[in-house]
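The values are calculated or read from the model by the stated rules, or taken from the named source; none is laboratory data. Note that the structure is predicted; figures quoted are calculated from it, not measured. Counting neighbours? That spans all protein chains shown, and the Cβs are built from the backbone with ideal geometry, glycine included.
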Amino acid sequence: MKLTVEQRVQRAHVWLMKHPNYCLYSGIFMLGKTSVEDDVPTACTDGRNTKYGRKFMDTLPESEVRGVVLHENLHKAFRHLTMWKHLYKKNPTIANMACDYVINLMINDSDKEGRDVKLPDCGLLDEKYRGMDAATVYRDLMKQAEDKGTITVKTVGDQQGKEVPVENVGEGGMDGHDWESAEGMSNEERETLARDIDQALRQGAILAGKMSGNVPREIKDLMESKVDWREALAEFITSFCIDKDISTWRRPNRRWVGQDVYMPSVYGESVGRIVVGVDMSGSIGPKEIGQFLGEVRTICERVKPEAVELLYWDTKICQHETYEQDQLDNLLSSTKPRGGGGTDPQCIVDFINARKMKPECAVILTDGYVGSWGTGWSCPTLWGITTDRVSEVGKSVKVS
């Protein structure tokens with residue numbers, strides 16, 4: 001008797017959980033709801049729940065059913081739908097492709113012969129992206145799109161690859177990514193999901209050890225790494241973007257220049273003014289300041305703020321510098337850090353209020369050794385903290 005798609009998907013889960021090389025993901029498989037839907041073209045996840053398209057899954061052999069199930073759950077394991085939402089906001093198709101290229105290499109490596117676990121021929125696969133994360137792959141794909149108007153697309157079934165016009169790439173990747181549902185999660189739900197995923201992977205690693213299974217390097221890095229504060233900064237700032245898809249003639253669209261046609265490029269997302277406050281107490285050294293300002297400049301280039309209000313502070317504002325959008329490239333070469341006293345972030349709040357500033361958000365770098373975190377903050381605030389301390393206001397991320 002022929003099994004239903006629901007039964008085949010369930011059997012794939014059980015098979016993977018019993019196999020030494022895939023039992024690592026047992027807890028991930030059990031997170032959220034799994035369903036088979038008539039209106040899903042292939043498969044998709046919102047980072048917790050997974051849906052499989054009935055017609056698509058019914059055409060696949062058992063090895064490819066397992067491959068698709070593993071693919072969706074690796075998206076969950078790497079928290080792609082929440083970690084890279086700022087990339088989706090810029091270009092959902094290319095964000096989809098970037099995430100797929102990363103995890104498909106892992107799936108292909110787990111069974112080179114494809115006897116037990118195999119990706120369908122439409123799955124994206126390119127050795128060029130080995131060792132890269134989704135953001136790095138995304139930047140490469142975007143550069144191709146901007147430079148040539150095409151993207152080199154390599155799949156399991158076509159390793160020679162094809163040059164595909166950007167407008168014809170489609171949804172990007174083998175499956176759909178339910179970014180909209182992921183976007184609808186509250187901060188508390190996202191934090192809970194992150195903890196659940198971390199716990200599931202750690203328990204899975206213990207099980208894999210008992211079964212003499214393999215824990216891929218990427219998963220080891222994921223469990224051992226701390227929060228990537230650079231990505232946290234990027235995501236935080238882009239969360240408060242106000243203007244989107246603004247055209248500019250300052251940088252002509254390179255796709256058309258070769259044809260002597262000058263069209264405006266698109267800003268993408270932009271934000272208003274942001275405040276960056278750098279703690280100048282004794283424990284923050286020149287190296288940390290330089291690194292932090294370099295990353296802030298990179299983030300500013302991505303989201304293109306209207307201006308940056310740079311504040312060096314200890315118990316008072318020791319230096320205030322304003323960088324308009326066209327001056328951001330000179331931030332590192334022209335800034336003059338000053339300070340060296342105690343640490344009291346209340347001076348930042350007082351300065352903002354006294355000057356009647358209305359920043360979109362504030363990013364504060366500190367060692368966290370403060371008497372209080374300040375009161376009266378009038379804008380969303382992210383604290384980049386070099387120790388294990390956590391701010392009582394705003395959002396905190398450890399800077400390392």
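Consider the range 207-244 and keep the residues that are assigned to a loop (DSSP other than H, G, I, E, B) and in contact with an Asp or Glu (Cβ under 8 Å, 6 or more places away or on another chain). The one that is modelled with the lowest pLDDT is Ile242.
Residue check: Lys18 meets all listed conditions (1) surrounded by fewer than 17 Cβ atoms within 10 Å (Cβ to Cβ); (2) charged (D, E, K, R); (3) touching a residue at least 12 places away in the same chain (Cβ under 8 Å) but one, namely (3). Within the range 130-137, not a single residue is touching a Ser or Thr at 6+ places or on another chain (Cβ under 9 Å) and either without any contact (Cβ under 8 Å) to a residue 24 or more places away in the chain or buried (at least 19 other Cβ atoms within 10 Å of the Cβ) (or both).
For the range 155-175, enumerate the residues that are part of a strand (DSSP E or B) and either of a type in the set (Asp, Glu) or surrounded by 18 or more Cβ atoms within 10 Å (Cβ to Cβ) (or both).
Of the range 155-175, the ones part of a strand (DSSP E or B) are 155, 158-165.
Scanning the range 155-175 gives Thr155, Asp158, Glu163.
Criterion first (of a type in the set (Asp, Glu) and either outside any loop (DSSP other than H, G, I, E, B) or at pLDDT below 80 (or both)) does Asp344 satisfy it? No, not satisfied.
Exactly one residue out of Glu360, Glu288, Glu309, Glu301 is of a type outside the set (A, V, I, L, M) and modelled with pLDDT of 90 or more: that is Glu309.
A single entry from Cys23, Cys44 fulfils the requirement of being touching a His at 6+ places or on another chain (Cβ under 7 Å), closer than 25 Å to Asp111 by Cα and touching a residue at least 12 places away in the same chain (Cβ under 8 Å): Cys44.
Does Thr315 satisfy the condition of being of a type in the set (Val, Ile, Thr), crowded, with 20+ Cβ neighbours inside 10 Å and assigned to a loop (DSSP other than H, G, I, E, B)? Spelling it out, it is not the case that Thr315 is of a type in the set (Val, Ile, Thr), crowded, with 20+ Cβ neighbours inside 10 Å and assigned to a loop (DSSP other than H, G, I, E, B).
Can you tell me how many residues within the range 369-383 are modelled with pLDDT under 85 and under 19 Å from Val276 (Cβ atoms)?
Matching residues across the range 369-383 total 0.
Pairs linking a residue in the range 313-324 that is closer than 14 Å to Met357 by Cβ to a residue that is surrounded by fewer than 15 Cβ atoms within 10 Å (Cβ to Cβ) and modelled with pLDDT of 90 or more, with Cβ atoms under 9 Å and 6 or more positions apart or on different chains, are His320/Arg355. Listed by first and then second residue, the pairs with beta-carbon distance under 6 Å, at least 6 apart or on different chains, first residue in the range 353-370 and in the same structural domain as Val308 (by TED's automatic domain parsing) and within 20 Å of Val271 (Cα to Cα), second in a loop (DSSP other than H, G, I, E, B) and not small (Gly, Ala, Ser), are Pro359/Cys379; Glu360/Phe240; Glu360/Val271; Cys361/Phe240; Cys361/Cys379; Cys361/Pro380; Ala362/Cys379.
For Leu332, state whether it is surrounded by fewer than 21 Cβ atoms within 10 Å (Cβ to Cβ) and on the phi < 0 side of the Ramachandran plot. Taking the combined requirement at face value, the residue satisfies it.
Need a quick list: helices (runs of 4 or more DSSP H) entirely within the range 1-97 having at least 2 residues that are farther than 17 Å from Ala182 by Cα and polar (S, T, N, Q).
Working: elements: 5-18, 26-29, 54-58, 62-77, 80-83, 85-90.
Filter on the range 1-97 gives 5-18.
Taken together, the residues in the range 122-134 that are part of a loop (DSSP other than H, G, I, E, B) and modelled with pLDDT of 95 or more amount to 2. Is it the case that Asp100 is among the acidic types (Asp, Glu), assigned to a helix (DSSP H, G or I) and crowded, with 19+ Cβ neighbours inside 10 Å? Criteria met by Asp100.
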